[in-house]
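The values are calculated or read from the model by the stated rules, or taken from the named source; none is laboratory data. Values in this document were obtained by computation on a predicted structure and should not be read as measured data. Glycine gets a Cβ as well: all are built from the backbone with ideal geometry, and neighbour counts include every protein chain shown. For the accessible areas, the whole protein counts, side chains as well, though only heavy atoms, and no ligand, DNA or RNA atoms are used. Shrake-Rupley method; radii C 1.70, N 1.55, O 1.52, S 1.80 Å.
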Amino acid sequence: MNKRNLLDNLGLWTFRIIAYSVVGAVAYILLDIVVKGAPSIHWDFLSSPPRKSGAAGGIFPAILGTVYLTSGAMLVAFPLGMASAIYLSEYARQGRFTRAIRLAIITLSGVPSIVFGLFGLGLFVLFFGFGASILSGCLTLACMILPTIIVASEEALRAVPQYLREGSLALGAGPWQTIRKNVLPYAIPGMVTGSILGIGRAAGETAPILLTAAAFYLPRLPKSALDPCMALPYHLYVLATQHPSADQVRPMQYGTAFTLVAIVLFFNVGAILLRAHFRKKYQW
Amino acid sequence: MGLEPDAKVEEAGGEHPPALRATPFEGGLVGALRAIPFAGGYFRIAGASERGARLFFAACASTSMLIVLLIFLFLFKEAVPFVSKPGLSDLAGTRWVPVSFQHELFGILPLVLGSLLVTLLASVLAIPFGVGAAIYIAELARPAEREFLKPCIEMLAAIPSVVLGFFGLVVLAPLVKAVFHLSTGLTALSGAILLALMAAPTIISIAEDAIRSVPRSYREASLAMGATHMQTVWKVTTPAALSGIVAAVMLGMGRVVGETMAVLMVTGNAAMMTLSPFDSVRTMTATIAAEMGEVTFGSTHYQALFWVGITLLFATFILNMVAQRVLRKYQRS
């Protein structure tokens, strides 16, 4: 009996150590970035353009570029993703068309980000002639985060209990009326929180914008959607790997990394908290 | 007004708290339509809007298919001229020397091997940690612990890959160099460690779902036979969820194969035919990211990079399809 207890405890602790070591790794990485990055963060760093090829000055144009790219991508992907999810959850019947759409979404979610970059380069930059620009970058990122938004939105729609639909349909309402009045109001919070995760992903991606939108240094801020822009992840990549004196600009690198992580985690933690809030609010 | 379907819908929703009843879709176009004075016109428009809505949503949903088609189309469109000159057989070479004064070589085998080596190493590291953590979270952790562990792991998934790459470059690579007494820390191993961290959240969340969906009766039967909790986890629950766990690992590997920034920053980027984790390697993704910025559009080198992209696309496509098939089979049973 004792031997059994011992083995049981040993097993339990092995699994516990494994699980917490993953958490430990996360904590170590985040702490490293925060501890070494936070001292570089001050108003000047956030609000001025880089000087001396990134060795001094700030990262304001990169922050702005990331905001442009991310909000543009969301503007395209969010309505499209929500509408796709409404179709899949509310209208679609089992059949070849639905299967094909689902297959496409699964395929899209597995396409490597650099391949999205190649695709954006071929289609938006060259074929449509948008050039390396904010527009090309937004559209490429939108294609990339579309599956995330569809899957999250569909989950939110499916969480709305069936009897709300049946009640409405039984009273003679059409499907669209039912969706508009009895499904969407309850599903929208979940759809939005799920989509916030897409924002985090779009803000942090580097590979697609590397080929479609980003420039390391621009003397002026972009004037239109057809101008290229700077972006936080690309700025960090160049500072860390291409800069002639990469070791000396370490504080700038950590500062950029900190800003990027802060933006991404802000959206993610926000989404997690909102989700918990709405789960408590709507308990069917 | 009693004939108006909307009013009945409102009644149906009447049991809900008042705060929920106000829909965000009141007014606007819908309100304008409703304001049309004669009921007959309203009904005709309502019927049209029902059909229109269905069509609109179906069209939106098909954009995913369109994007997939365009991805394949445009990758091949840019890559195809390579077939006539210098010919597809060049891609099967063992040397990648895209820029040279005498003879350029576009053998993608070292890049494929580099991706393969890094992926396999990362899987070896990620499987015990990912599956172990999934088992712990699904079966052993107390609810409060689970509420803490799951967001932590979601946070790991949220860290941008370029930040992980930066961390690898500044912290991990010097560590690997010191521990293994190497001349450089920028090796396949450093890349694999980072990629294992990126694969872990995928593996953990999907494997956890798989383990949790094992029917309760399995556990109860095992416990009733006198097995301990640990024995039940090890001999009953985990084997029952095995196919889901396999799918989780495959989806994690799919993420690893396609990962770009982290490997670009820490694997050293030397296109070599090597199987040693302590050598620098160059993956397919890193090659595209590093070289696409410098090529002339339309050149042979440019086309070769698109072939690398196609190889990558098919590799991840096949991994994903097999994983989905495994998942579906296990969800049905």
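Against the conditions (1) part of a helix (DSSP H, G or I); (2) within 24 Å of residue A:237 (Cβ to Cβ), residue A:54 satisfies every one except (1).
Which one is farthest from the other protein chains (Cβ to nearest Cβ), of the residues in the range A:107-123 that are over 17 Å from the mean Cα position of the chain (by Cα) and either in contact (Cβ under 8 Å) with a residue 40 or more places away in the chain or not in a helix (DSSP H, G or I) (or both)? Among them, the one singled out is A:120. Of the helices (runs of 4 or more DSSP H) contained entirely in the range B:94-176, those carrying at least 2 residues that are open to solvent by 60 Å² or more (accessible area, probe 1.4 Å) and free of Cβ contacts under 8 Å to residues at least 24 places away in the same chain fall at B:109-135, B:143-158. The residues listed here are B:162, B:118; of these, the one that is within 14 Å of another protein chain (Cβ to nearest Cβ) and either over 17 Å from residue A:25 (Cα atoms) or among the polar types (S, T, N, Q) (or both) is B:118.
Can you go through B:189, B:182, B:197 and tell me which one is open to solvent by 10 Å² or more (accessible area, probe 1.4 Å), within 30 Å of residue B:281 (Cα to Cα), touching a Phe, Trp or Tyr at 6+ places or on another chain (Cβ under 8 Å) and assigned to a helix (DSSP H, G or I)?
On the way: B:182 fails: assigned to a helix (DSSP H, G or I); B:197 fails: touching a Phe, Trp or Tyr at 6+ places or on another chain (Cβ under 8 Å).
After ruling out the rest, the residue left standing is B:189.
Which residue out of A:140, A:98, A:148 is more than 7 Å from every other protein chain (Cβ to nearest Cβ), within 24 Å of residue B:290 (Cα to Cα), of a type in the set (S, T, N, Q) and assigned to a helix (DSSP H, G or I)? So the residue among A:140, A:98, A:148 that is more than 7 Å from every other protein chain (Cβ to nearest Cβ), within 24 Å of residue B:290 (Cα to Cα), of a type in the set (S, T, N, Q) and assigned to a helix (DSSP H, G or I) is A:140. The residue pairs whose first member lies in the range B:48-76 and is touching a residue at least 12 places away in the same chain (Cβ under 8 Å) and under 22 Å from residue A:99 (Cα atoms), whose second member is assigned to a helix (DSSP H, G or I) and open to solvent by less than 10 Å² (accessible area, probe 1.4 Å), and whose beta carbons are closer than 6 Å, counting only pairs six or more residues apart or on different chains, are B:71/A:119. Evaluation of residue A:252 against the conditions (1) within 11 Å of chain B (Cβ to nearest Cβ); (2) closer than 20 Å to residue A:37 by Cα shows that the sole unmet condition is (1). The criterion of at least 1 residues that are touching a helix residue (DSSP H, G or I) at 6+ places or on another chain (Cβ under 7 Å) and surrounded by fewer than 23 Cβ atoms within 10 Å (Cβ to Cβ) is met, among helices (runs of 4 or more DSSP H) falling completely within the range A:188-284, by A:232-241, A:250-281.
Count of the range A:44-82 residues, restricted to those that are at pLDDT 90 or above and surrounded by fewer than 16 Cβ atoms within 10 Å (Cβ to Cβ), is 4. One residue stands out in the range A:83-94 among those that are in a helix (DSSP H, G or I) and either among the hydroxyl-bearing types (Ser, Thr, Tyr) or open to solvent by 30 Å² or more (accessible area, probe 1.4 Å) (or both): the one that is nearest to residue A:232 (Cα to Cα), namely A:84.
Of the residues making up the range B:292-309, those that are within 11 Å of another protein chain (Cβ to nearest Cβ) and under 13 Å from residue B:108 (Cβ atoms) are B:305, B:306, B:307, B:308, B:309.
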